[in-house]
1. How many angstrom lie between the Cα centre of region 75-118 and the Cα centre of region 172-239?
2. Relative contact order for the chain using alpha-carbon pairs under 8 Å, separation at least 6, rounded to a whole percent?
3. What FRET efficiency do you get for residue 226 and residue 3 if R0 is 35 Å and r is their Cβ-Cβ distance, rounded to the nearest 0.05?
4. Can you put 78, 1 in order, fewest other beta carbons within 10 Å first?
5. In which sequence would 166, 136 go, from the one with the fewest C-beta neighbours within 10 Å to the one with the most?
6. Would you mind ranking 17, 109, 256 so that the residue whose beta carbon has the fewest other beta carbons within 10 Å leads the list?
7. Label 7 Å along Cα→Cβ of residue 257; region 64-85 residues with amide nitrogen under 15 Å?
8. When only C-alpha pairs under 8 Å and at least 6 residues apart count, what is the relative contact order of region 12-71, in percent?
């Protein structure tokens, strides 16, 4: 077990170094969601006065969850892209010949994705605090938000890894980028589901990303509540479970191909 944990740590550290070494990997995770957060907050700040909008300290507080979700999803896509590049360059084949358990190859990449998700959450919380946002859950609420950011990136990272393992091509994984926005925009990440029109409202209610958004947003706008945390964990369980099944299927396919 110790040897496997060392292997996971080494692969995760390698992935993190590569991400920070090449700005084209880190830039989309932070810069694009930050600009989107600025545009949304500045252009739609009056939405908090709409009848039925949840009571919040400010629109920025409500939008922080959307920024963290968006960055976490992009971190997952970048992680899958990195795994696909390793497959294209033959690095994964060398790992398959190494004396380590096969799932370690994916777990090492997911460990890095988890760290990047937490880093993205810290980034957006820092921006929020700089511009007057308040986390009603206090220090413990901040910790919950950071952990949820990492877990969200990991859950979606399993799906991205499965696509990378099955296709073995970075361009296919990068094709997930438009899908990320479709998933986000038909959830309650950017706007309350109750104020959406049909069919977006119904889709948002059943979208597990809405549950994750509730888990991230709850500590910020309402404080720590068991219902929000359970909703977030349920959404992560659904997405993470799907990612686990697909990753196992993709890894078996890659082993057969190798």
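Quick note: the coordinates plus some simple rules give every number you see, no bench work behind them. As the structure is a prediction and not an experimental result, all values here were calculated from the model. Neighbour counts are summed over all protein chains in view; Cβ atoms, including those assigned to glycine, are modelled from backbone coordinates with ideal geometry.
1. 27
2. Values: 404 pairs, mean separation 63.8, N = 258.
Reported relative contact order: 25 percent.
3. Values: r = 39 Å, r/R0 = 1.10.
So the FRET efficiency works out to roughly 0.35.
4. On the way: 78 28, 1 5.
Sorted ascending by nearby Cβ count, the order is 1, 78.
5. Details: 166 20, 136 15.
Ranking 166, 136 by Cβ neighbours within 10 Å, fewest first, gives 136, 166.
6. On the way: 17 11, 109 28, 256 7.
Taking fewest neighbouring Cβ atoms as first place, the list is 256, 17, 109.
7. 80-85
8. Working: 30 pairs, mean separation 19.7, N = 60.
33 percent.
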